[in-house]
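Participant: Handing you this structure, nothing more for now.
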Amino acid sequence: MREIRGGPWPRKAFRGLALTAAAGLLAAPASLVVSPAYGAERANADVTSFYAARNGASLWFRSGSGDAAQQLVQLISTAQADNLNPRRYNARGLERAVQAASTGNPAAVQRAETMLSQALVAYVRDTRHDPNVGVVYVDRELRPLPPSAQSILADAAAAPSLANYVQQLGWMNPIYGKLRQALASRMYRSEAERRLLTVNLERARALPPGKQRYVIINAPAARLYMYENGQVVDSMRVVAGRPDPIAQTPMMNAFIRYVALNPYWNSPSDITARRLAPNVVKRGRAYLNEKGYELMSDWSDHARVIDPMSVNWHDVVAGKVQVRLRQKPGPANSMGKMKFMFPNEQGIWLHDTPEKEKIEEAARLQSNGCVRLEDARRLARWLFNGRAPSPQGARAEQKVNLPSPVPLYITYLTAVPSGSSIVYFDDFYGKDRAAMGRMASR
C-alpha cells in the first residue's frame, strides 16, 4: 500500500464577477447537448418547466450562489478527467457567456443562466451511467442511470451551497469526486498511475450519490464502511475472496434484505472435495459428527438428510462425485452466528466467523468469495437501527427482515481517497492490469 499526497482542488478565478438575475421568466433554452436516448426535445421541456416553476428566478446568479458558475465552467473545461470531451459542452462559449454576464446586462445574464443549466444537465447525465466494468446488479434499482433534467436542476437548487455542490460533484459519490480531483489536478507521478486512477474512477461511477444509508465493501482494502448522510459512520475489517479466479469476491450492487440467525453452512463442492472429503476418508462418520456436517440428498430447498456412508468419499476427493455437505449451527459453524442476505445467483453473502484470527492477519483475501466480518453483531445493530436481533431458541436459519433494505456496494478500488491523499492497494485480482491493457491497446 502506498500513498500520494496532493494540494487543494484546482479553482479557476473569475475576477470582478457580480451578477444579478434577470427579471421575469427566463426564455426557453436553446437546444441542449444530451445523450440521444434522452432527447433534446425532452430535455428542453424539462429545463423550461424547471424555470417556469420558479417564476423565472435565477439558479446561478441568485444571492448566495457564490462562485457556482465559475466552478461549473472549471468542471466543464476539465471534462477530459471524466473521459469526456469539453467541446461537447461548449466550454469556451460557456466561459465567454459567464464573463459577459459580469456586466450585469439582463440579456447577458439570462443567456449565461440558460447555458449554465444546459451544460449542467448534459454533464451530469454523461457522468451518471453504468460504467460497464463487470458489476453484478442484483437489484436493478442500484444500477446508475442518467437522471432527468428536472431532477438534476431541482437537486442543484436544493443544495445548501450550490458552489460546493458543483465543485464536489454532489450528484456523484464522494469517492468519484475526489478521484476526479486527483486526475484534474495531475496528482499522479506517471502515465501508468494516471491510467490507474482512470480505471478506478470508472468503477466509482457505480457507487451511490446522495445522503442515504448504505454499505461499501472494498475488496482490495479488505474493509467494510457504513455510510450515513454521505459520511462514514463506522467501518470494520473483513476477509474477502482469494485471488484464485474461482474464489474472488465479485463487484456487486444489491439490497441487504434480511439476516439469518443460527445459519447453516452449505460447503461448496470444490471445498468439500479439497478440504472436507479427505478427512471423511481418514476418519469416517466420526469426523462428520464432530464438525456437525450432514450429507444432503441434493441442493434443493427440500433436500433430505441421508446416510453419509452411502457415497464413495474417494470419488468425492477425486472430483468424480459432487455432494452437498451442510454444517449445522454451532460454535464451529463457518457462518458463525449470523449471515446477511442479499439473494443472488452468485451465492455471495456477508457472515460472522468463528475464525477471528483470520481478521487479525494483514493479508485478508482468504475466503471462497463470501465476506467474513470482524464484528457481525455491530453491523447488525447498525442495519437494525441500534438493536441487533437475537435468535429465538436453537432453531436453524431464523430469518429476520431488515426494517428496510439497505444498499450494499461491493467494489474493487485500488486507488482510494484519504483526506488530501490517494492511497493505493495491490491489484490482487488483476483487474487493473486487464483494464489498463485494454486502454493501452486502443
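We did not get these values from a lab; they are worked out from the coordinates using the rules stated. Please read these numbers as outputs of a predicted model, since none were measured by experiment. Cβ sites come from the backbone with ideal geometry, for glycine too, and all protein chains shown count toward neighbours.
Participant: Let me have the 222 nm mean residue ellipticity of the chain computed from DSSP H runs of 4+ only, each contributing -39500 (n - 2.57), with the sum over all residues rounded to the nearest 500. Don't skip to the answer; put the middle values down first.
Facilitator: Details: 14 runs with 142 residues, N = 442.
Helix contribution divided over all residues of the chain: -9500 deg cm²/dmol.
Participant: Next up: I'd like the Kirkwood hydrodynamic radius of the stretch 273-334, using the inverse of the mean 1/r over distinct C-alpha pairs, in Å.
Facilitator: Details: mean 1/r = 0.0837 Å⁻¹.
Value: 11.9 Å, from the Cα pair sum.
Participant: Further question on the same structure: Give, rounded to the nearest 20 debye, the magnitude of the charge dipole that the stretch 265-327 has about its Cα centre when Lys and Arg contribute +1 at Cβ and Asp and Glu contribute -1 at Cβ. Intermediate results must be reported in sequence, preceding the final value.
Facilitator: Numbers: 10 positive and 7 negative charges, 51 e Å.
Approximately 240 debye in magnitude.
Participant: Quick one: if you stick a label point 7 Å off each Cα along the C-beta vector at residue 236 and residue 283, how many nm between them?
Facilitator: That separation, rounded to one decimal, is 2.9 nm.
Participant: What ranking, highest mean first, results for peptides 373-383, 187-197, 112-122 when packing means the other Cβ atoms within 10 Å averaged over each residue?
Facilitator: Details: 373-383: 19.1, 187-197: 15.0, 112-122: 25.1.
Result, highest mean first: 112-122, 373-383, 187-197.
Participant: Taking the Cα centre of the stretch 298-442 as origin, sum charge times position over the Cβ atoms of Lys and Arg (+1) and Asp and Glu (-1), and report the length of that vector in debye to the nearest 20. Before the final figure, lay out each step's value.
Facilitator: Details: 21 positive and 16 negative charges, 74 e Å.
Dipole magnitude for the stretch 298-442 comes out near 360 debye.
Participant: If you don't mind, another one. I want to check a number: in the chain, how many lysine pairs have alpha carbons closer than 14 Å, given a sequence separation of 8 or more or different chains? The partial results should precede the final answer.
Facilitator: On the way: 291/328; 328/337; 328/339; 337/356; 337/399; 339/399.
Final tally of qualifying lysine pairs is 6.
Participant: Taking amide H positions as placed 1.01 Å from N in the peptide plane, with prolines and chain starts having none, which residues 5 or more places from residue 266, or on another chain, fall under 5 Å of its amide H?
Facilitator: Amide H to amide H, under 5 Å and 5 or more residues apart or across chains, residue 266 pairs with 327.
Participant: Something else about it: Compute the acute angle (0 to 90°) between the alpha-carbon long axis of helix 431-441 and the principal axis of greatest extent of the alpha-carbon atoms of the chain; round to the nearest 10°.
Facilitator: Approximately 50 degrees, to the nearest ten.
Participant: Could you tell me which of 297, 278, 308 has its Cα farthest along the dipole of the stretch 265-327 towards the positive end, charges placed at Cβ (Lys, Arg +1; Asp, Glu -1), taken about the Cα centre?
Facilitator: Of the options given, the answer is 278.
Participant: Please determine, in degrees from 0 to 90 and to the nearest 10, the orientation of helix 174-184 with respect to the longest principal axis defined by the Cα atoms of the chain, where the helix direction is its Cα long axis.
Facilitator: Once rounded, one gets 60 degrees.
Participant: Where nothing but the Cβ of Lys and Arg (+1) and of Asp and Glu (-1) is charged, how large is the charge dipole of the stretch 56-129 around its Cα centre, in debye to the nearest 20? Walk me through the intermediate numbers first.
Facilitator: Numbers: 8 positive and 5 negative charges, 36 e Å.
Charge dipole of the stretch 56-129: 180 debye, to the nearest 20.
Participant: Please give the net charge around residue 206, taking every other residue with its beta carbon less than 14 angstrom from that of residue 206, where Lys and Arg add +1 and Asp and Glu add -1.
Facilitator: On the way: positive: 128, 140, 143, 203, 205, 431; negative: 130, 139, 141, 202.
Net charge in that neighbourhood comes out at +2.
Participant: Would you mind getting me the FRET efficiency between residue 192 and residue 322? Use the beta-carbon distance for r and R0 = 35 Å, nearest 0.05. Working shown, then result.
Facilitator: Working: r = 43 Å, r/R0 = 1.23.
My answer for the efficiency is 0.20.
Participant: I would also like to ask the following. Express the C-alpha Rg of the chain as a ratio against the empirical globular expectation 2.2 N^0.38 Å, rounded to two decimals.
Facilitator: Working: Rg = 26.6 Å, N = 442, 2.2 N^0.38 = 22.3 Å.
Compared with the compact-globule rule of thumb, the chain sits at 1.20.
Participant: Go through the stretch 244-250 residue by residue and turn each phi into a ³J(HN,Hα) via Karplus (6.51, -1.76, 1.60, θ = phi - 60°); whole Hz please, and just put x for glycine and proline.
Facilitator: 3, x, 7, 10, 5, 6, x
Participant: Cβ neighbours within 10 Å, averaged per peptide: list 231-243, 166-178 in order, most packed at the top. All intermediate terms of the calculation are to be shown ahead of the outcome.
Facilitator: On the way: 231-243: 17.2, 166-178: 21.8.
Going by the mean number of other Cβ atoms within 10 Å, highest first, we get 166-178, 231-243.
Participant: Related question: Output the relative contact order of the chain, whole-number percent, from Cα pairs under 8 angstrom with separation of 6+ residues. Don't skip to the end; give the middle numbers.
Facilitator: Values: 811 pairs, mean separation 81.3, N = 442.
The normalised contact order for the chain reaches 18 percent.
Participant: Any chance you could give the angle, 0 to 90 degrees and rounded to 10, that helix 149-158 forms with the longest Cα principal axis of the chain?
Facilitator: Approximately 80 degrees, to the nearest 10.
Participant: Right, something else. Tell me the relative contact order for the stretch 265-327 as a rounded percent, counting alpha carbon contacts under 8 Å between residues six or more apart.
Facilitator: Values: 80 pairs, mean separation 31.4, N = 63.
Value for the stretch 265-327: 50 percent.
Participant: Further question on the same structure: If R₀ is 41 angstrom, what is the calculated FRET efficiency for the pair residue 395 and residue 148, using the beta carbon separation as r and rounding to 0.05? Each step should come with its number before you reach the end.
Facilitator: On the way: r = 48 Å, r/R0 = 1.17.
Rounded to the nearest 0.05, the efficiency is 0.30.
Participant: Any idea how far apart residue 103 and residue 345 come out in nm if each label point goes 7 Å out from Cα toward Cβ?
Facilitator: 6.1 nm
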